[in-house]
Amino acid sequence: MSDREGYGELRVVPAAGGRELADWRAVHNAIVPTAELSDDEVRERAGRNRLDVAYLGGVAVGCSTVRPPDGETPAATVIARILPGYRGRGFGTVLYERGLAHAGTLGGDGVETVVLASNEAGLRFARARGFAEVERYVLPGDTIPFVTLRLA
């Protein structure tokens, strides 16, 4: 897969530069408002994870994260996020499949995803692709749990 790959009208690019990192952050923070990230936090994540941004025309409509396995989580983690107004058009599937392909190159013990419990569409999306819930946790100071799901 190339770094810039088109999917019909959708274009997915690595969040490697200033604009892409800002767009990745904007989508992430819109979908996960309980755990908003700063510019510095996004740059740090980009140094250890694969971050992609999905554009429809010139508009960022989604983003994804692929975290490699580590000492805390032996599975690769694939998270696809699509802004609500752009859901149901296959864009999440594009990001998910791209992330899953990359996760396959990382080794590890399976694949997981993480979804904010209040994101019912995200939970449906994950479950429709064979993920099953394994854990719920709440970040310090938050009230809405995150749901960890594992690909069965």
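The values are calculated or read from the model by the stated rules, or taken from the named source; none is laboratory data. Keep in mind that this is a model prediction, so the values were computed, not measured. Note: ideal-geometry Cβ built from the backbone for every residue, glycine included; neighbour counts use all protein chains shown. To get the accessible areas, we keep the full protein, side chains included, count just its heavy atoms, and leave off ligands, DNA and RNA. Shrake-Rupley method; radii C 1.70, N 1.55, O 1.52, S 1.80 Å.
A few comments on the model shown:
Yes or no, residue by residue, for (1) within 28 Å of ARG11 (Cβ to Cβ); (2) open to solvent by less than 60 Å² (accessible area, probe 1.4 Å); (3) modelled with pLDDT of 95 or more:
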| position | (1), (2), (3) |
| --- | --- |
| GLU97 | yes, no, yes |
| ALA103 | yes, yes, yes |
| VAL111 | yes, yes, yes |
| LEU123 | yes, yes, yes |
| PHE131 | yes, yes, yes |
| VAL134 | no, no, yes |
| VAL147 | no, yes, yes |
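- Just one of the listed residues (VAL42, VAL53) is touching an Asp or Glu at 6+ places or on another chain (Cβ under 7 Å), modelled with pLDDT of 95 or more, open to solvent by less than 50 Å² (accessible area, probe 1.4 Å) and not acidic (Asp, Glu), and it is VAL53.
- Remark: pairs (first residue in the range 125-140, at negative phi; second residue of a type outside the set (A, V, I, L, M) and part of a loop (DSSP other than H, G, I, E, B); Cβ separation under 7 Å; 6+ apart in sequence or on different chains) = ARG136/PRO145; TYR137/PRO145; VAL138/PRO145.
- Among (1) modelled with pLDDT of 95 or more; (2) closer than 22 Å to VAL42 by Cα; (3) open to solvent by 50 Å² or more (accessible area, probe 1.4 Å), the one test that ARG127 misses: (2)
- Taken together, the residues in the range 91-117 that are of a type outside the set (Asp, Glu) and free of Cβ contacts under 8 Å to residues at least 40 places away in the same chain amount to 12.
- Scope the range 56-69; condition in contact with a helix residue (DSSP H, G or I) (Cβ under 9 Å, 6 or more places away or on another chain) and either modelled with pLDDT under 95 or crowded, with 19+ Cβ neighbours inside 10 Å (or both); matching residues: ALA60, VAL61, GLY62, CYS63, SER64, THR65, VAL66, ARG67
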